[in-house]
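The values are calculated or read from the model by the stated rules, or taken from the named source; none is laboratory data. Given the structure is predicted, the values throughout are model-derived calculations rather than measurements. Here Cβ is always computed from backbone atoms with ideal geometry, including for glycine, and neighbour counts include all displayed protein chains. We work out accessible area using only protein heavy atoms, side chains counted, and drop any ligands, DNA or RNA first. Shrake-Rupley method; radii C 1.70, N 1.55, O 1.52, S 1.80 Å.
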Amino acid sequence: MLYQYIVGHAFNANTQLTAAVFTGVGSRLNLAGEVEMDAAIMDGRGLRAGAVGAVKNVKNPVSLARKIMDLTPHVLLVGEGASQFAQESGVQLVPMQELITEKSRRALAQVKSLPFGIDPKAEEEEEEHGTVGAAVMDTAGNLATSISTGGISGKHVGRVGDSPIIGGGIYCDNMVGAAVATGQGESIIRTCLANNIIQLMSTGMAPQQAGDSALETMRQRVSGLAGVIVLDRHGNSGICCNTGHMSWAQLKDNELSWGLSADDRNTEEISL
């Protein structure tokens, strides 16, 4: 199951994350028509983290982020340096053309037709930038988070969003909880959204309340739109967003829940 798979990846050094949802295929294109991807992973046990920004030819960017966390003293590598480390550490590299789809080409053409290039609503809708994030807890109570994104269509070459920014789009601490965000990257960075949620939970706020409060603060301060998935150290969760759409799924015990927005909830009992 996805829960076991991600937990295994987060805490088993021999597991490789190859699920299609975390690959770079179909990533949105920058103004030069290139793929530039961001990703991060964090281990709540010791606040270890690894992240990559603006990588162009890595098939599984989050796998590279994991290598940075495990094999280097660094947290974030970007661009050519990240690609060089990928080669050194055995992470799969592919020709950029293998990551580009016709849908991503059409999305870039549509953005280029707009008067000011970037669509101000692009990061409102998940389908426009395809960020995938996960927050998980294992049976020992350890927390981990991971996130991968191709960004938004028509971004400037070299633009890095919130996903690889520890405390921005992702954070994880066994003593408090975990948070992963998607949405308007610059707004998320400016308000340190994930860290803000963790700080609120450290005061005793429940995950849902902390996520909603942090999103409201972001909206008031910078008119930002985003969605977050939140876990506390007891395994309680929150699904929070101030956008019209955010696909999500949750697996706890034998109950699978999912929806297309924070208010949309479907539940099914499954056998593991």
* Return the long-range amide H neighbours of Leu76 (sequence gap of 5 or more, or a different chain), with a cut-off of under 5 Å between placed amide H atoms. => Ala51
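Carbon-plus-sulfur fraction of the accessible area of the range 157-199, 1.4 Å probe, in percent?
57
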* Asked: When ligands, DNA and RNA are left out and all protein chains stay put, how many square angstrom of accessible area per residue does the chain have with a 1.4 Å probe?
  -> 45
* **the range 183-272: translational diffusion in µm²/s, Stokes-Einstein, Kirkwood Rh over Cα pairs, 4 °C, 1.567 mPa s** => 95
* To do: Report the extension gain between Ile270 and Asn254 in nm, rounded to one decimal, defined as 0.36 nm multiplied by the number of residues separating them, less their alpha carbon distance.
  => 5.2 nm
* Report the one residue of Ser187, Asn174, Ser257 whose Cα lies farthest in the direction of the positive end of the charge dipole of the chain (charges on C-beta: Lys and Arg +1, Asp and Glu -1; origin at the Cα centre). => Ser187
* Asked: In terms of Cα to Cα distance under 20 Å, which lysines are near enough to Lys112, apart from those fewer than 8 places away along the same chain?
  -> Lys103, Lys121, Lys155
* Please report how far the C-alpha centroid of the range 135-190 lies from that of the range 39-105, rounded to the nearest whole angstrom. => 14
* Give the residue from Phe85, Ala39, Ile198 lying farthest towards the positive end of the charge dipole for the chain; charges sit on Cβ (+1 for Lys and Arg, -1 for Asp and Glu) and the dipole is referred to the Cα centre. => Phe85
* Quick one: what Rg and Dmax do you get for the chain from the alpha carbons, in Å? -> 17.4, 53
* Structure fact -> Under a Gaussian network model of the chain whose springs join Cα atoms within less than 10 Å, the largest fluctuation of Lys67, Lys155, Lys252 belongs to Lys252
* **Unit charges on C-beta of K, R, D, E only; dipole of the chain, Debye** => 600
